[in-house]
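Participant: Just dropping this structure here.
Computed from the coordinates by the stated procedures, all read-outs in this text should not be read as laboratory data. Only a predicted model underlies this, so the values are computations on that prediction, with no experimental measurement involved. Reconstructed Cβ throughout: ideal geometry from the backbone, glycine too, with neighbour counts over all protein chains shown.
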Amino acid sequence: MHWLHAVLIGIVEGITEFLPVSSTGHINIVETLLGHDITQPGTTAFSAVIQVGAIIAAIIYFWADIVRIVTAWFKGLSNKQARQDPDYTLGWGIILGSIPVAVVGLVLKKFIEETVRSLWVIAGALIIWSAVMWLADRQQNLSKGMKDVTVKDALIIGAFQALSPVFPGISRSGATISAGLFLKFDRVTATRLSFYMGIPSLVAAGLLEAATEAATISNTVGWTPTIIATVVSGIVAYATIAWLLRFVSSNKFTSFLVYRVLLGLIIIALVSAGTIAA
């Protein structure tokens, strides 16, 4: 892969990883337009590994929160009184809520890598899930905050998150934020929960691909472009996180929904016309 392609893909990954527009869908589209075969194992592994850059950005951005939650969780393991701390429950919620997507990713790994990486699937998921997000965005009485998170809430959000690798185009953040809104969390809390829930699963997925597909990446895409794209995605993602949290504090997700539907229709038109291969 040319280093300019790596920079461009890294920018796209950094912008879209945490926005409810499907980073995987965008990466697949850009890779296809740049002439890369998205069904090849090396390209699939590359796409998973560069997500680590965006996740590192999230870890840095939310470092104080992460330290607070981890500290509360460890205290609660040995101190019954410390278990009253909402962060202790949140810690368990993040751990247990990350299990569904891990199970789905491992059990359906071949299916995810070979079968659903199609622009038809991406376009359909972009459009169809927009209807779900529209319903979620119109929930009323969004009064629950971070201190109200229960393990049950986290498991439900985790179940929604598990849909994203099976249907690229749904968007992991779009799925988790939607779940949070359906559970009556305010938009900022739903968005922050999406970040928290994504950190363990995306780090694990990226490291797993790096460990198991290291030789494949080396022989196809190359590790230099992979590292470049990872670093770029991290830098861009940090700015995107800051912007998104400001945006959701005073706006609905309508603009993202319009964008998703338009993008889905454009993909369908381009694939139908033979301009790009599915």
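Participant: Given a Förster distance of 30 Å, report the FRET efficiency between LYS75 and ALA242 from their Cβ-Cβ distance, rounded to the nearest 0.05.
Facilitator: After rounding, the FRET efficiency stands at 0.50.
Participant: If you place +1 on the Cβ of every Lys and Arg, -1 on the Cβ of every Asp and Glu, and leave all else neutral, what size is the dipole of the chain about its Cα centre, to the nearest 20 Debye?
Facilitator: That gives a dipole near 880 debye.
Participant: Report, in debye and to the nearest 20, how large the dipole of segment 1-139 comes out about its Cα centre when Lys and Arg carry +1 and Asp and Glu carry -1 on their Cβ.
Facilitator: Here the size comes out at about 480 debye.
Participant: Work through the residues other than PRO20 whose Cβ is under 13 Å from its Cβ and net out their charges, Lys, Arg +1 and Asp, Glu -1.
Facilitator: +2
Participant: Suppose a student asked you for the relative contact order of the chain, using Cα pairs under 8 Å spaced at least 6 residues apart; what percent would you report?
Facilitator: Worked out over the chain, it gives 36 percent.
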